[in-house]
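The values are calculated or read from the model by the stated rules, or taken from the named source; none is laboratory data. These numbers were taken from a predicted model, which means no experiment stands behind them. Side chains included, ligands, DNA and RNA excluded: accessible areas come from the protein's heavy atoms. Shrake-Rupley method; radii C 1.70, N 1.55, O 1.52, S 1.80 Å.
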Amino acid sequence: MEMTIRKSGEVYIVDVLGEMDLYNSYKLKDLISKMIEKDIKAFVINLDKVDYIDSSGIGVLIYICTTVKKADLQLAITNVHGSVQKVISLTKLNVFFPIVDTVDNAVEKLSDPDKKDD
């Protein structure tokens, strides 16, 4: 699994590439934890290039979600599709995770948190 970070305004976008599994999903957890320590307030996790996720990857996303909520920060998970979407739906976490269809929509939503969903 590889990750790249880019920024749009005050929103940081983490593009994830590869499989999120037992062997590497901790890397995303560590990265987001370091970003929170650096006082970053808004995150987008882009799963567009992730084709496989196992329970460890799901666990990391749950950890990130709860950590971000407790710290009163903002998070969106985007481009959830294929087998990743199936796993999230089967576990009924699609209502727990803040899923937004595209990175652009997520950035817009996080840049203006008072804006109502359409």
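Determine the share of region 1-67's accessible area contributed by carbon and sulfur atoms, expressed in whole percent, with a 1.4 angstrom probe.
Carbon and sulfur atoms account for 51 percent of the accessible area of region 1-67.
Are there any helices in the chain, counted as whole DSSP H runs, that stretch 15 Å or more along their axis by Cα and score at least 1.6 on average by Kyte-Doolittle, and if so which?
none
Quick one: if you take sqrt(5λ) for each eigenvalue of the C-alpha gyration tensor of the chain, what semi-axes come out, biggest first, whole angstrom?
After scaling each eigenvalue by five and taking roots: 20, 16, 13 Å.
For LYS49, list long-range residues whose amide hydrogen, built 1.01 Å from N in the peptide plane, is under 5 Å from its own amide hydrogen.
Sorted by chain and number, the residues that satisfy this are VAL16.
So for PHE43, PHE96, what's the accessible-area order with a 1.4 Å probe, most first?
I get PHE96, PHE43, largest accessible area first.
Using the structure shown, list the pairs from LYS41/LYS70; LYS86/LYS109; LYS49/LYS70; LYS7/LYS109; LYS27/LYS92; LYS69/LYS109 with a Cα-Cα distance above 22 Å, or answer none.
LYS86/LYS109; LYS49/LYS70; LYS27/LYS92
Over region 1-95, average the accessible area per residue using a 1.4 Å probe and give it in Å², no decimals.
So region 1-95 comes to 55 Å² accessible per residue, rounded to a whole number.
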